Amino acid sequence: MPTNGKGRLVTWLDDAYSMERALEHLLEQHAKDAEGHAEVHERLTRHLEETRRQAETVKGCVEELGGSVSRPKKAFAKFFGAGQAMTNKPLQDTLVKNAIADYAAEHFEIASYRALIDAAEQLGEAEVADKLRPILRQEEDMARFLEQHLPPVVHEQLGQGAS
Ligand SMILES: [Fe+2]
C-alpha cells in the first residue's frame, strides 16, 4: 500500500470510484421507484448518466496517476443502502426514504470531491483537480434539486396518507 501523498490520493480516488459505482445502483433503483413522478424520475435518470461518466472520469484519474481501480468495495453499497429491498414498504414511504438517502449521498459526495480536489491541488496534480471540479458541480446541482424537492415529496406523501 503506497503511503506517499500521491499513493494516498490514488487510494482516495479508488474509494471515490467505489462510491460512484455504488451510487449508480442506488440511483437505478430510485429512478425506478420514482417512475410515477416525471420530474424526479427524469432528474434521477439524468444524474444516473452523470454518475456513470463520473466513475469513468475518476477511473481515468487513478490510471493517470499510475494506479488501477480495484473491484468496487461492497462497504460503499452498504453505506448508501443500495440493494436494500423496499418492496414490502408502502410506496409513499419509499419515495421519502429515497429522497432522504439521495440527499445524504450527494452531500457525502460533495465532501469527498472537495477533499479530493484539495488533495490534488496540494500535490501539484492540477489536471486531476481540473477533472474533478465538474463532478463537484454536478453533485452540488443534484443536491440543490433534492433540497427543493424533498419538502413537496414529504407533503405529497403526508397528504396521501391522511385519512
Ligand atoms: Fe457522483
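Results for (1) farther than 19 Å from Gly66 by Cβ; (2) outside any helix (DSSP H, G or I); (3) modelled with pLDDT of 95 or more; (4) touching a helix residue (DSSP H, G or I) at 6+ places or on another chain (Cβ under 8 Å), shown as yes or no for each residue.
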{"position": "Ala111", "(1), (2), (3), (4)": "yes, no, yes, no"}
{"position": "Arg114", "(1), (2), (3), (4)": "yes, no, yes, yes"}
{"position": "Asp130", "(1), (2), (3), (4)": "no, no, yes, no"}
{"position": "Arg144", "(1), (2), (3), (4)": "yes, no, yes, no"}
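Being in contact with a helix residue (DSSP H, G or I) (Cβ under 6 Å, 6 or more places away or on another chain) and within 12 Å of the ligand (Cβ to nearest atom) is the filter here, so list the residues in the range 54-68 that pass it.
Here is the first cut: in the range 54-68, the ones in contact with a helix residue (DSSP H, G or I) (Cβ under 6 Å, 6 or more places away or on another chain) are 54-55, 57-59, 61-62, 65, 67.
The answer is Gln54, Ala55, Thr57, Val58.
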Practice prompt. Filter the range 10-53 down to the residues that are of a type in the set (S, T, N, Q) and buried (at least 18 other Cβ atoms within 10 Å of the Cβ), then identify the one that is farthest from the ligand (Cβ to nearest atom).
Written response: Gln29
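The values are calculated or read from the model by the stated rules, or taken from the named source; none is laboratory data. Since the structure is predicted, the reported quantities are computational estimates derived from the model, not experimental observations. Reconstructed Cβ throughout: ideal geometry from the backbone, glycine too, with neighbour counts over all protein chains shown.
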